[in-house]
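The values are calculated or read from the model by the stated rules, or taken from the named source; none is laboratory data. Note that this is a predicted model, so its numbers are computed, not measured. Because the Cβ atoms are built from the backbone with ideal geometry, glycine has one as well, and the counts that use them run over all protein chains shown. Quick note on the areas: whole protein, heavy atoms, side chains included, nothing else; ligands and nucleic acids left out. Shrake-Rupley method; radii C 1.70, N 1.55, O 1.52, S 1.80 Å.
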Amino acid sequence: MATHLLLIDALNLIRRIYAVDSQQAGNDASLAAKNTYFRVVNAARKLLKNTNATHAIAVFDGETSWRYHYYADYKQSRKPMPNELADALPKLYQAFSELGITVYVPEHDEADDVIATLASKASTNKVTSTIVSTDKGFLPLLGDYIHVYDYFKSEYISIQSVIDKFSLAPSQLTDFWALNGDKTNDIPGVSGIGKQGAVNLLTQFPSVEDALLATDYPDELKRVFNKLNDNHDAYIHAKLLVSLRQDIHLGFSLKALRLPSS
């Protein structure tokens with residue numbers, strides 16, 4: 001069997017399931033947390049079966065990451081995890097472990113950076129990985145060896161679907177969010193450029209770096225270039241925040257993530 005690495009964005013999966021369960025439970029947080037436990041375990045079983053994974057890890061977020069220190073307003077509008085769900089996490093760690101899925105809770109790093117690092121390293125070694133998450137931040141990683149799966153839609157995200165949605169290639173999305181901002185994480189972009197201005201620039205140039213090196217550009221992009229040049233520091237600031245790290249030292253190898261049945 002070919003090596004296949006399953007990378008579960010654990011809190012993304014758990015909190016989305018909990019959001020549905022809390023509505024169905026009539027805002028009874030304890031009942032919602034109990035139902036979430038069983039649904040998450042069922043989801044993990046399905047993912048193991050449907051992906052034919054040989055290696056698997058469920059990655060959680062660590063404490064305050066570098067992004068919070070770099071930018072104080074990072075994710076400021078995001079609601080804190082309900083206490084009942086937070087109290088249920090140790091039981092969920094155990095459930096993943098009992099299924100043979102390695103549980104990783106970093107001290108400070110965010111799950112997204114850890115997952116991006118694992119997927120990137122696997123891809124370098126021509127090992128296929130499937131990232132399970134609805135977080136759009138993983139889309140720039142899409143490629144021959146890195147796939148993104150939306151559990152709630154039961155579908156893989158294709159490169160063409162990204163192009164259809166954003167009018168840009170996956171490789172351009174990080175620049176797009178740096179220009180336009182990322183509201184889901186409270187990251188501002190470059191003031192005055194906006195969504196369409198960012199798309200227009202990245203339609204004409206493969207990247208912002210290429211655009212800045214250009215000596216000639218269409219008249220319709222003059223306003224965008226002026227905004228970018230006047231607010232270049234804001235672009236650099238946002239680009240750093242929206243870029244996933246792929247160089248985290250984790251202290252374990254792929255072998256440590258092998259499933260017992262593989």
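So, in segment 218-251, exactly how many residues are outside any helix (DSSP H, G or I) and without any contact (Cβ under 8 Å) to a residue 40 or more places away in the chain?
So the answer is 3.
Would you check which residues across segment 213-238 are over 25 Å from Ala72 (Cα atoms) and not charged (D, E, K, R) and list them? Working first, answer last.
If we filter segment 213-238 for residues that are over 25 Å from Ala72 (Cα atoms), which is where we start, we get 213-226.
Once the filter is applied, which keeps residues that are over 25 Å from Ala72 (Cα atoms) and not charged (D, E, K, R), segment 213-238 yields Leu213, Ala214, Thr215, Tyr217, Pro218, Leu221, Val224, Phe225, Asn226.
Contact list please: Cβ distance under 6 Å, first residue in segment 3-22 and in contact (Cβ under 8 Å) with a residue 12 or more places away in the chain and closer than 15 Å to Ile101 by Cα, second residue open to solvent by 30 Å² or more (accessible area, probe 1.4 Å) and in a strand (DSSP E or B), pairs at least six apart or on different chains.
His4/Thr128
Please determine, by comparing only the residues of segment 10-67 that are within 17 Å of the chain's Cα centre (by Cα), under 23 Å from Thr130 (Cα atoms) and not hydrophobic (A, V, I, L, M, F, W, C), which one is most open to solvent (accessible area, probe 1.4 Å).
The selected residue is Arg16.
Just to confirm my filter: which helices (runs of 4 or more DSSP H) fall fully inside segment 68-174 and include at least 2 residues that are at pLDDT below 95 and open to solvent by 40 Å² or more (accessible area, probe 1.4 Å)? Let's see the steps before the verdict.
Numbers: elements: 83-98, 111-124, 159-166.
Filter on segment 68-174 gives 83-98.
Looking at Leu240, Leu202, Leu244, Leu213, which one is out of contact with any Asp or Glu (no Cβ under 7 Å at 6 or more places or on another chain) and surrounded by 14 or more Cβ atoms within 10 Å (Cβ to Cβ)?
Leu240
Hey, among the residues in segment 175-198 that are more than 14 Å from Val242 (Cβ to Cβ), touching a helix residue (DSSP H, G or I) at 6+ places or on another chain (Cβ under 7 Å) and assigned to a helix (DSSP H, G or I), which one's least open to solvent (accessible area, probe 1.4 Å)?
Gly197
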